[in-house]
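Single-structure report; data block below.
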Amino acid sequence: MSRSAPAAEPALADPAGPATADLATLFAPFTVHSDVLLAVSGGPDSTALMLLAQRWQAQCRPPTRLHVATVDHGLRPESRAEAQAVGALAGRLGLAHARLDLPVPLPGTRLQEAARHERYQALAAHAGAIGATAIATAHTRDDQAETVLFRLMRGSGIGGLAGMRAARPHGPLTLLRPLLSRPKAELVALCRAAGISFVEDPSNSDPRFARARLRTLLPSLAAEGLDAAAMERLARRMARADAALEAATDEALRTLWLSAAERTGEGTIRLTRAGLAALPEEIALRLLGRAVAAVGEGPVELAKLEALAAWIRALAGDEHGARTLAGALVRVNRRAVAIGRAPARRAFRQAR
Ligand SMILES: Nc1ncnc2c1ncn2[C@@H]1O[C@H](COP(=O)(O)OP(=O)(O)OP(=O)(O)O)[C@@H](O)[C@H]1O
């Protein structure tokens, strides 16, 4: 990691952009944090995030301190200079900047997903080290549209189609996305108006990645009326519906979870079978999903949960049965559906 202290340099040209009131709204979620780390790659979106956040700080004088970090994946020869350019710009804005170097991977071993995971790990570690309780990224409305489209393609339900959340927990930290409703074009224009150059990550248009291929479809969809604004609106509506369904699931869990004395043992969740059968299908699926995720290996694909729920429904009233899903063992008897951790595969075979 290399850190650069802010240096006093000439002020930047005043960029066109949102008015003070809009800035206050955009960055309102920052104000509950004493320190926020801005994740700035040097691309137009995150460069604009840095400009806008600094502008907000100068105009609204919030109690929040801002910090900047750039992760250098070391994958392209230019990446070091790009990170340094972000550091120089942060310095001009009076913001502390850190470059976080990741070990260069062996050729052909790096997947986008792994790079993202390591990036968030490095950012979280740095946030912890400087006392920041939130990390802000510069995802835009266009990123949200891509996410919704991608999840549609993967067969997501309502929760997935709600897209990225503007704020969500990330371990002990909060991940903030203040620009989620802003069009990318606006952020590019902001950088240009401020006379700031930015870099574009070539992997964004690399056709080996499904996301990049999907991105090429967006203009055709927009021409048919399904533009980023429409998809972002859909995501917000889905998020609203998802919140209501999650609240209903909380309530169902309280009602259906058998009393502590009746639970079969540590880590086993027992739900009343008749109660589960009487629930609206969507709530029953969520309940099963939560139980399987809690005792098993984590979140389960919706299609697999649907198959599990169909199997439970198809059992006759006095019929018993058991099956495993994602590390969970689901047992059904006349009265209850019990979801516990599945025995290790070998032990399970022997037990049968
Ligand atoms: N090298 C980097 N250093 C610091 N921040 C970064 C870096 N790369 C990306 N970010 C942050 O993450 C945001 C999203 O970037 P991008 O869309 O390229 O990431 P992604 O790989 O799709 O990851 P995800 O969407 O899961 O965050 C950027 O706007 C920026 O805030």
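The values are calculated or read from the model by the stated rules, or taken from the named source; none is laboratory data. On a predicted model such as this, the values are computed, not experimentally measured, just so you know. FYI the Cβ positions are ideal-geometry reconstructions off the backbone, even for glycines, and counts take in every protein chain you see.
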I need every pair where a residue in region 67-88 that is assigned by TED's automatic domain parsing to the domain that holds THR47 and under 17 Å from VAL36 (Cα atoms) has its Cβ under 7 Å from the Cβ of a residue that is more than 8 Å from the ligand (Cβ to nearest atom) and of a type in the set (Phe, Trp, Tyr), sequence separation at least 6 or different chains. none
Can you find a residue that is at pLDDT 95 or above and surrounded by fewer than 18 Cβ atoms within 10 Å (Cβ to Cβ) anywhere in region 46-59? no
Over region 109-147, the set of residues away from the ligand (no atom under 13 Å from the Cβ) and crowded, with 20+ Cβ neighbours inside 10 Å is ALA132
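Counting only residues that are at pLDDT 90 or above, small (Gly, Ala, Ser) and surrounded by 15 or more Cβ atoms within 10 Å (Cβ to Cβ), give me the strands (runs of 3 or more DSSP E) lying completely in region 246-335 with at least 1 of them. Lay out the reasoning, then the answer.
Values: elements: 269-272, 321-325, 328-332.
Filter on region 246-335 gives 328-332.
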Is there any pair with a first residue in region 31-54 that is part of a strand (DSSP E or B) and a second that is surrounded by fewer than 24 Cβ atoms within 10 Å (Cβ to Cβ) and among the basic types (Lys, Arg) whose Cβ atoms are under 6 Å apart and which are 6 or more apart or on different chains, and what are they? ASP35/ARG65
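Return a yes/no flag: does region 150-165 have any residue that is crowded, with 16+ Cβ neighbours inside 10 Å, touching a His at 6+ places or on another chain (Cβ under 7 Å) and more than 21 Å from ALA210 (Cα to Cα).
Taking region 150-165 first, the residues crowded, with 16+ Cβ neighbours inside 10 Å are 150-151, 156-164.
Still in the list and also touching a His at 6+ places or on another chain (Cβ under 7 Å): 164.
Pick out the ones that are also more than 21 Å from ALA210 (Cα to Cα) and you get none.
The answer is no, given that none of the residues of region 150-165 is crowded, with 16+ Cβ neighbours inside 10 Å, touching a His at 6+ places or on another chain (Cβ under 7 Å) and more than 21 Å from ALA210 (Cα to Cα).
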Residue count, region 23-74, condition in contact with a Gly (Cβ under 8 Å, 6 or more places away or on another chain) and among the charged types (D, E, K, R), comes to 2
Output the residue which, of all residues in region 177-226 that are more than 29 Å from PRO18 (Cβ to Cβ) and away from the ligand (no atom under 15 Å from the Cβ), is surrounded by the fewest Cβ atoms within 10 Å (Cβ to Cβ). GLU224
Among the numbered criteria (1) assigned to a helix (DSSP H, G or I); (2) under 18 Å from the mean Cα position of the chain (by Cα), which one does HIS139 miss? (1)
